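Novice: Sharing a structure, written as C-alpha cells. Questions coming.
The values are calculated or read from the model by the stated rules, or taken from the named source; none is laboratory data. The shown structure was predicted, so the numbers you read here are calculated from the model rather than taken from an experiment. Positions of Cβ are backbone-derived with ideal geometry, glycine not excepted, and every protein chain shown enters the neighbour counts.
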C-alpha cells in the first residue's frame, strides 16, 4: 500500500451512489474525534483520468469538510483493489473503528462531566458556611433519641434521593 499523503478535498470526486451513505451522526462523531486527536485513518482514493475518486472514507471526508478543512490524508489505491474494497468496507476493521470512535467520545464526555462536577463542588464548598457540630453522641447515638433510629448522612446524591424517597420527603 502507498504512503498516506495530503489531498485537496475539492479534487476528490464522490460518486453519486455513495453520497446517500452519508450518516450525519457518524460524521459528527468523527469530526469531534478529529478535533481532539486528529485524523487517524487515511481515506482511500483511486485515480480516474485527472481526478481522484473516493473509494473508502466517506464519513471522514465529510467530517473534514464540516470542519472547514481544505486537505485530507489519503492513499491512492489501484482500481482493482478499489473494487475489492467495496466488499471489505463493511468489514470488521470499519466496525472496530466505529466502536473506537464511540468509546473515545464517551470517555471525552465522561471527562467533561467529571470536570464540570468538580468545578460545581468547588464552587459549593467555597460558599458553604461552616457547620457547628451537635453535642457529641446526640445525633449519632440511637439511644439518645428513644423511638427514633439514627439517620446517617448521605454520601452521594443517589443516597440522598433514596433517603428522601424512604422518608416520604420531596426532592
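Novice: Of everything in region 90-130 that's in contact with a helix residue (DSSP H, G or I) (Cβ under 9 Å, 6 or more places away or on another chain) and modelled with pLDDT under 70, which residue is farthest from residue 11 (Cα to Cα)?
Specialist: 98
Novice: Here's another thing I want to ask about it. Step by step: first the residues of region 153-171, then only those that are surrounded by 10 or more Cβ atoms within 10 Å (Cβ to Cβ) and in contact with a helix residue (DSSP H, G or I) (Cβ under 9 Å, 6 or more places away or on another chain), then the one that is modelled with the highest pLDDT. Which residue is that?
Specialist: Ranking the candidates gives 154 first.
Novice: To continue, here is another question. Could you check, for region 78-89, whether at least one of its residues is at pLDDT 70 or above and in contact with a strand residue (DSSP E or B) (Cβ under 8 Å, 6 or more places away or on another chain)?
Specialist: yes
Novice: A further question on this structure: Name the helices (runs of 4 or more DSSP H) wholly within region 1-68 that hold at least 2 residues that are at pLDDT 90 or above and surrounded by 13 or more Cβ atoms within 10 Å (Cβ to Cβ)?
Specialist: Where helices (runs of 4 or more DSSP H) fall fully within region 1-68 and carry at least 2 residues being at pLDDT 90 or above and surrounded by 13 or more Cβ atoms within 10 Å (Cβ to Cβ), they are 24-37, 58-66.
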